[in-house]
1. Can you give me the number of residues within the stretch 74-91 that are touching a helix residue (DSSP H, G or I) at 6+ places or on another chain (Cβ under 7 Å) and not hydrophobic (A, V, I, L, M, F, W, C)?
2. How many residues are under 26 Å from D494 (Cα atoms) and surrounded by fewer than 23 Cβ atoms within 10 Å (Cβ to Cβ) when one looks only at the stretch 574-585?
3. For the stretch 102-119, which positions are farther than 14 Å from L191 by Cβ, surrounded by 16 or more Cβ atoms within 10 Å (Cβ to Cβ) and of a type in the set (V, I, T)?
4. Being crowded, with 18+ Cβ neighbours inside 10 Å and under 15 Å from Y89 (Cβ atoms) is the filter here, so list the residues in the stretch 243-279 that pass it.
5. So which residues in the stretch 496-547 are within 25 Å of L214 (Cβ to Cβ) and among the basic types (K, R)?
6. Which helices (runs of 4 or more DSSP H) sit wholly inside the stretch 461-569 and have at least 1 residues that are of a type in the set (A, V, I, L, M) and either touching a helix residue (DSSP H, G or I) at 6+ places or on another chain (Cβ under 6 Å) or at pLDDT 95 or above (or both)?
7. Can you find, within the stretch 87-101, the residue that is farthest from D266 (Cα to Cα) among those that are assigned to a loop (DSSP other than H, G, I, E, B) and at pLDDT 95 or above?
8. Can you find, within the stretch 444-454, the residue that is modelled with the highest pLDDT among those that are surrounded by fewer than 21 Cβ atoms within 10 Å (Cβ to Cβ) and closer than 20 Å to Q484 by Cβ?
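The values are calculated or read from the model by the stated rules, or taken from the named source; none is laboratory data. Here the structure is a predicted model, which is why all the values come from computation and not from measurement. Neighbour counts are summed over all protein chains in view; Cβ atoms, including those assigned to glycine, are modelled from backbone coordinates with ideal geometry.
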Amino acid sequence: MKVLSLVIVSLLLTSCLPANRDNMRKRKGQSSRKRSGRKQEIVHRKGKPNVLNYRLQSQIKTLDPAVSYDTVSAKVIYQAYETLYEYEYLKRPYTLKPLLAVGMPKITDNGKTYTIKIKKYISYHADPSLKGKSRYVTAQDFITQIKRVAFKPTRSQGWWAFDGKIVGLNEFREKAGKDIDVLKFYQVPGLIAINDNTLQIKLTTAYPQLKYILAMAFTSPIPKEAVDYYSNDLSNHVVGTGAFALKKWNRSSSVIMEKFRRYHRDYYPDTGDSYAKKNNLTSDAGSRLPFLDGIHFHIIKESQPAWLNFQAKKLDLLDVPKDNFDTVINPSGELMDDFIDRNIDLLKAETLVHYWFSFNMKDRLLGRNKNLRLAIAHAIDNDRYIELFSNNVALKANSIYVPGIFGYNSKRVPPYSYNFNLAKRYLKKAGYPQGKGLPTIVYDVRGGTTSSRQRAEFVKRELAKIGIKVRVSVNTFPSFLKKQSAGKLQFWQDGWALDYPDAENILQLLISQNVIPGPNATNYSNPKFDALYEKLRVLEDGPEKMSVMQKMEDIIFDDVPWALQLYQRYYLVKHGHLKNYRPSSLIKRNMKYLKLTE
């Protein structure tokens, strides 16, 4: 998932996306029996709104789960939309569990057929497209959404997840063209609604990552009525089943969500790992979800206004701003005493998020000149960057893979590091000694904040030292994404919050079939790399997969479409009245677990 930008110590991600849970409506005459051992009542804060106040760092481009693929919109979308599966909130390593599904999929036919039972009586939020009628989720709604992802006019960022993988889906994509009637009525052979509560997916080949894809917002169920009513444009509408429904959206300032009163029975986890127990995250085990009455997302682009709002208790949690780090965190990396006295907590955590510098490999200048890319890679002092813009919290990246996933090797060494003299030599080999004759390079910025501009100016100064002239182009995050999807970037800082804990999710950013408008924003293409990817994507974790991963990384190190930068870590502060918060860059549907107390 595309991440917004590196904001000091950490970005509150999500990175990128999905939604919240199902709503189970009782049948007439069904008893309202209580589960034994389950807590049924929620205690609200006396005299205070039971609404979470949360910062978004940018405006939202879209609320369509088939289109959204960034961490900003994900924070909203995942609270409103649900999927067949989700991750256990209090367990690491990350483990999938059923959400809208009754159980884990039954996998047959050598991994090529998935049969999934779906919960009954899961209600959609009220929406004009449903004409005031109660509407429950059916197997066909998942098929409708997957077809929307394949339908070219949707311009889904998730097509990579299904391209060539489901029987008949690519044929549907080509046959449909722009005809919305084909979208609504064409039957894809590999997508079968056996009945209203049984979905079957037939694959062209084994695809072990499918279980993770079915936990992503791209696969949220969508009723045909909504597709018809809105002519397949759900960018401004939410027709979900999650714990929170959209109430109001002011594009420039806020998103307001309210508790979905017909939300299905969902409960706080009964078990957790040692971290969860140590941090008292299991005390609400068995309680009915959600605890909150609503969420108020505040769009605050600059870090200092956000910090002032946090201190005034107008935001419940926040990443520690770069400019305030030394006044909040002591030399030992812990919270200053005066913040502890104010009932403020510090949270630290690793993430599955990393950043690098990207080169457009179709660019006539950078794409055709490997020595020029190497000159840039050697010219930027990432240690200094990390010191200035993360207060040394981030870790310098050594691999295209991130710590915490299978196959990451902490001993890998990239073929470049900060070396002023070597950067000058590569620039000369590129044909531009001391930068003579080299056109100005455009560096696009992922946001218009002061911090974003400061980081861009750092890159500009570093390259100027060896004679490379850079023009900084400042964008809003939505405009940056628009440029990226159109292939109009030349050189930029890129970042990725893993959609699932598997190297394949990183490697798919570099395969030929995913070039623009897909997630391969660099437009990198290498047949050897593509062939290894096809081999890797069907492998389970083990020595063979490890070997293939290393070969693929060697190719990227040699071709240099990316210049590695850093791995992100979380340093967050929250007010003591906010309970049950566990930082995670992967689990985005987390707000149903949060609780506000006195």
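1. 6
2. So the first thing to find is which residues in the stretch 574-585 are under 26 Å from D494 (Cα atoms), and the list is 582-585.
Checking the rest, the ones that are also surrounded by fewer than 23 Cβ atoms within 10 Å (Cβ to Cβ) come to 582-584.
Total satisfying the criteria: 3.
3. I107 - this is the single residue of the stretch 102-119 that is farther than 14 Å from L191 by Cβ, surrounded by 16 or more Cβ atoms within 10 Å (Cβ to Cβ) and of a type in the set (V, I, T).
4. Result: A243, D266, Y268, P269, G272, A276.
5. Passing the criteria: K535, R537, K545.
6. Working: elements: 477-485, 504-507, 527-536, 543-559.
Because the criterion is at least 1 residues that are of a type in the set (A, V, I, L, M) and either touching a helix residue (DSSP H, G or I) at 6+ places or on another chain (Cβ under 6 Å) or at pLDDT 95 or above (or both), the helices (runs of 4 or more DSSP H) in the stretch 461-569 that meet it are 504-507, 527-536, 543-559.
7. Restricting attention to the stretch 87-101, the residues satisfying the condition of being assigned to a loop (DSSP other than H, G, I, E, B) are 88-95, 99-100.
Now restrict to residues that are at pLDDT 95 or above: 88-90, 99-100.
Working: E88: 13, Y89: 13, L90: 15, L99: 9, L100: 11 Å.
My answer is L90.
8. Restricting attention to the stretch 444-454, the residues satisfying the condition of being surrounded by fewer than 21 Cβ atoms within 10 Å (Cβ to Cβ) are 448, 450, 453-454.
The next check asks that each one be closer than 20 Å to Q484 by Cβ; those that pass are 448, 453.
Details: G448: 80, R453: 92.
The selected residue is R453.
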